[in-house]
Amino acid sequence: MSTQSEAVLALFEETGAYLRGHFRLTSGLHSPEYLQCAKVLQYPGYAQQIGFDLAEALRRQGLAEAVNLVVSPAMGGLIIGHEVARALGVRFQFTERDAAGRMALRRGFVVEPGERAIIIEDVVTTGGSTREVRELLESQGVVVLSAGSIIDRSSGTADVGVPRTALATLNVVTYPPDDCPLCAQGIPVVKPGSRAVPVQP
Ligand code: ZN
């Protein structure tokens, strides 16, 4: 694991953002660990530092050349996307789902054909949100250069259709609900982000 990766994960540990227990992930799979980025990013100084490091990682890999826009899917990408845009000195927009559930630019945000954008998320698991944002931007003529996240929970396998980087790449242990050793031990499963109230598996 790289020094940068260790430094980021140390911040997660320090702020209580690296949770251990029994979690039901958005995918429906169960896991003994969960990274709650919002707990790190609640500290603006840490958010700024992580945003700067992610912007530098993109620059070093040649993935931020002549970029003039950062776009993130709300909610997870809001804070880190804003900080990466600050570090790159470009503007920041975010996408939300419309009434039909499709990713959309709202709030009067306008993009011009030929603009060069980077998509930033807090955590990439399957890359689905980043892919949706990329398709939306490309449909409006924006050139999507690359994508970045604080954490890559896919062991590097998520394909978003453009080059991608992350500050820390993890191989998170997951179990199908019907073959979960934590369930077998009778440990209540919780959905991260909600209060620690047991939910049905
Ligand atoms: Zn379980």
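Overview of values
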| item | result |
| --- | --- |
| Among Ser139, Thr3, Ala158 the positive-end extreme of the charge dipole of the chain (Cβ point charges) | Ser139 |
| Directionally averaged projected area (convex hull, Cα atoms, the chain), nm² | 11.9 |
| FRET E, pair Arg116, Arg20, Förster distance 30 Å, beta-carbon r, rounded to 0.05 | 0.15 |
| For the stretch 1-67 and the stretch 74-110, distance of Cα centres in Å | 18 |
| The stretch 115-158 - Rg (one decimal) and Dmax (whole number), Cα, Å | 10.6, 31 |
| Chain lengthening between Met75 and Ala7 when straightened (0.36 nm per residue, less Cα-Cα) | 22.0 nm |
| Extension gain from Glu33 to Glu65, taking 0.36 nm per residue of separation minus the Cα-Cα distance | 8.0 nm |
| Beta bridge orientation in the stretch 6-103: antiparallel %, DSSP, nearest 5 | 55 |
| Net +/- balance of residues flanking Leu25 in space, Cβ distance below 11 Å, scoring K and R +1, D and E -1 | +2 |
| Total charge dipole magnitude, the chain, about the Cα centre, Cβ charges on Lys, Arg, Asp, Glu only, Debye to nearest 20 | 380 |
| Carbon/sulfur fraction of accessible area - the stretch 101-201, other protein chains in place, 1.4 Å, % | 49 |
| With all protein chains modelled, accessible area of Phe52 [1.4 Å, Å²] | 100 |
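The values are calculated or read from the model by the stated rules, or taken from the named source; none is laboratory data. The shown structure was predicted, so the numbers you read here are calculated from the model rather than taken from an experiment. With ideal geometry, Cβ positions are generated from the backbone for all residues, glycine too; neighbour counts draw on all protein chains shown. In case anyone asks, the SASA skips ligands and DNA or RNA and just uses the protein heavy atoms, side chains included. Shrake-Rupley method; radii C 1.70, N 1.55, O 1.52, S 1.80 Å.
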